[in-house]
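One structure below.
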Amino acid sequence: MSDRMSPLEELTFGGKEDEDVTLFLQKVKRVAFAQGRQRDQEWLMDYLETCLVGKALLWYLELDGTPKSNFTSLSIAMIRNFPVAASASIPPAPAAASPRPIAPVYPPPTGPSPALPRCVDK
């Protein structure tokens with residue numbers, strides 16, 4: 001018998017500063033995929049709840065409404081409430097670029113326009 005625990009037993013998330021919620025959510029989806037349950041919302045929600053500990057579990061138990069209705073809604077709520085690694089954060093919008101210099105305006109040429117080639121019908 002293997003000493004290694006199954007993925008269903010290993011995964012926990014407590015909402016601590018050193019935990020990245022996006023990595024946790026991705027791991028939940030990978031376990032669901034390995035179990036053939038990636039589209040089973042009820043299974044995903046039940047499994048995710050069993051992985052929560054500490055602050056994250058207390059937050060989840062107090063959560064009402066839509067976020068508990070499906071994995072995507074809960075994922076969004078968790079991302080808004082728990083730490084995300086700096087590398088996973090959306091970078092701030094760049095500062096407004098200074099306008100490009102306008103090309104100088106030259107006076108229009110004087111004299112006749114150069115002749116354009118004519119199209120010849122064959």
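So which residues in region 8-64 are part of a helix (DSSP H, G or I), within 19 Å of A85 (Cα to Cα) and of a type in the set (F, W, Y), if there are any at all?
The one that is part of a helix (DSSP H, G or I), within 19 Å of A85 (Cα to Cα) and of a type in the set (F, W, Y): F24.
Would you mind stating whether E42 is among the charged types (D, E, K, R) and open to solvent by less than 90 Å² (accessible area, probe 1.4 Å)? It would help to see each step written out before you state the result.
Values: among the charged types (D, E, K, R): yes; open to solvent by less than 90 Å² (accessible area, probe 1.4 Å): no.
So E42 fails the test.
When you go through K16, K55 one by one, which is the residue that is at pLDDT 95 or above and either open to solvent by 60 Å² or more (accessible area, probe 1.4 Å) or of a type in the set (A, V, I, L, M) (or both)? Break it down into steps so the answer makes sense when it comes.
Details: K16 fails: at pLDDT 95 or above.
Exactly one residue qualifies, and that residue is K55.
The values are calculated or read from the model by the stated rules, or taken from the named source; none is laboratory data. Bear in mind that the values here come from a model prediction, so they are computed numbers and not experimental data. The accessibility values were calculated without ligands, DNA or RNA, using every heavy atom of the protein model including side chains. Shrake-Rupley method; radii C 1.70, N 1.55, O 1.52, S 1.80 Å.
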